[in-house]
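Since the structure comes first, as structure tokens, the remarks are kept for the end.
The values are calculated or read from the model by the stated rules, or taken from the named source; none is laboratory data. Since the model is a prediction, treat every value here as computed from it, not as a measurement. Glycine gets a Cβ as well: all are built from the backbone with ideal geometry, and neighbour counts include every protein chain shown.
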Amino acid sequence: MGIAIANELSACGAKVTLICGPVAEQPLHPDIKLIRVTTAMEMHNQCMGLFAHADGAILSAAVADYRAKHPSRDKIKRKAKDLSIELEPTEDIAANLGKIKKTRQFLAGFALETSNEISHATKKLQQKNLDFIVLNSLKDEGAGFGTDTNKITIIDKHNKITRFELKTKNEVAHDIISFLAELIS
């Protein structure tokens with residue numbers, strides 16, 4: 001979804017920097033500056049470093065909420081039947097950007113929810129100082145990961161809810177950028 005959004009923004013004439021995790025797909029537009037990362041910490045650091053000089057950010061990456069507290073450098077050999085891994089929270093990129101967002105900037109996030117979708121997404125929107133949030137529900141067939149389609153609902157900071165039908169990810173990217181254009185005009 002992030003690549004489709006970057007392509008759409010670039011096609012509209014925006015200067016785009018795409019911070020991207022390990023995915024096989026490449027952005028189509030040659031003017032997109034691509035920064036590859038492999039960890040949530042790397043993504044956080046890149047976002048924090050670039051945001052001050054940007055007009056805004058659309059945070060579509062599905063960054064893990066937790067990581068192993070004590071990662072092993074070596075393969076963990078089978079010794080016992082049970083193994084416990086202690087987890088710690090990753091940095092909350094959206095919340096940290098929301099804290100430093102300037103009036104001239106926009107900030108949009110994504111929420112993938114499985115229950116109480118609207119209320120959870122609205123809470124996230126408010127807590128992280130977002131201008132709007134794009135809600136995906138895993139209850140919607142063809143939405144989310146592993147498909148070329150998505151079905152979204154956008155909630156803005158005034159709690160206006162706009163629902164969209166199932167579309168290709170490129171069409172969804174167009175809808176998101178059209179929503180953004182109305183917001184900042």
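Worth a mention:
- Scanning the stretch 37-62 for residues that are surrounded by fewer than 18 Cβ atoms within 10 Å (Cβ to Cβ) and more than 20 Å from Leu9 (Cα to Cα) turns up Thr38, Thr39, Met41, Glu42, Asn45, Met48, Gly49.
- Note on the stretch 76-97: residues that are of a type in the set (D, E, K, R) and in contact (Cβ under 8 Å) with a residue 40 or more places away in the chain amount to 1.
- Criterion: β-branched (Val, Ile, Thr) and surrounded by 13 or more Cβ atoms within 10 Å (Cβ to Cβ) - qualifying residue of Ile177, Ile100: Ile177
- Criterion (of a type outside the set (Asp, Glu), touching a residue at least 12 places away in the same chain (Cβ under 8 Å) and closer than 18 Å to Ala62 by Cβ) met by exactly one of Ile161, Ile184, Ile133, Ile177: Ile133
- Elements of type strands (runs of 3 or more DSSP E) contained in the stretch 30-76, each with 1 or more residues being β-branched (Val, Ile, Thr) and under 12 Å from Leu97 (Cβ atoms): 56-59
- Close Cβ contacts (under 6 Å, 6 or more residues apart or on different chains) running from residues in the stretch 98-127 that are over 13 Å from Asp156 (Cβ atoms) and in a loop (DSSP other than H, G, I, E, B) to residues that are at pLDDT 95 or above and aliphatic (A, V, I, L, M) comprise Lys101/Leu107.
Table: residues versus (1) over 29 Å from Arg104 (Cβ atoms); (2) at pLDDT below 95; (3) of a type in the set (Lys, Arg).
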| position | (1), (2), (3) |
| --- | --- |
| Thr122 | no, no, no |
| Asp140 | yes, yes, no |
| Asp148 | yes, yes, no |
| Lys167 | yes, yes, yes |
| Ile177 | no, no, no |
| Leu183 | no, yes, no |
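- Among the residues making up the stretch 119-142, those that are in contact with a helix residue (DSSP H, G or I) (Cβ under 6 Å, 6 or more places away or on another chain) and polar (S, T, N, Q) are Asn129, Ser137.
- Ala143 vs. criteria small (Gly, Ala, Ser), surrounded by 15 or more Cβ atoms within 10 Å (Cβ to Cβ) and either in contact (Cβ under 8 Å) with a residue 24 or more places away in the chain or not in a loop (DSSP other than H, G, I, E, B) (or both): no
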